[in-house]
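Worksheet: the structure to be examined is printed underneath.
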Amino acid sequence: RMAAARGLCRHDTAADKALKLLIDELQSPHEWVRLNSAIVLDSIGDQARPAIPVLKESLKDTHNKYVVRVANRTLNKLLGTSNRVR
């Protein structure tokens, strides 16, 4: 599903539906699903802007620091910031 969502976003085909899936999966109870979603959001660039609020919430993920790091990187790219995570 994540790979399909990435493809849809890259080809701008049903990108809205794909982005909704990615946002939903970023809130999944499964940490590796959240990580995969964060990675895809990072890879789609400006198309990920609607996910900014959920990405910010992901910075509080206490179960998977990889999610936090990828979310932080994505937010830095989208917002032009240089925040670091510990």
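The values are calculated or read from the model by the stated rules, or taken from the named source; none is laboratory data. If you're wondering where the values come from, they're calculated on a predicted model, not measured in any experiment. In this analysis, Cβ positions are derived from the backbone assuming ideal geometry, glycine residues included, and neighbour counts consider all displayed protein chains.
In this structure, LEU26 does satisfy being under 22 Å from ASN76 (Cα atoms) and either hydrophobic (A, V, I, L, M, F, W, C) or surrounded by fewer than 19 Cβ atoms within 10 Å (Cβ to Cβ) (or both). Can SER58 be described as modelled with pLDDT of 95 or more and buried (at least 20 other Cβ atoms within 10 Å of the Cβ)? It is true that SER58 is modelled with pLDDT of 95 or more and buried (at least 20 other Cβ atoms within 10 Å of the Cβ). Of all residues in segment 62-77, those satisfying the criterion of being surrounded by fewer than 19 Cβ atoms within 10 Å (Cβ to Cβ) and either among the hydrophobic types (A, V, I, L, M, F, W, C) or touching a residue at least 24 places away in the same chain (Cβ under 8 Å) (or both) are HIS63, ASN64, TYR66, ARG73, LYS77. Condition check: closer than 19 Å to ALA4 by Cα and among the basic types (Lys, Arg). Does ARG73 satisfy that? No: the conditions fail for ARG73. Of all the criteria given as (1) within 23 Å of ASN72 (Cβ to Cβ); (2) exposed (fewer than 14 other Cβ atoms within 10 Å of the Cβ); (3) among the β-branched types (Val, Ile, Thr), the one not satisfied by VAL33 is (2).
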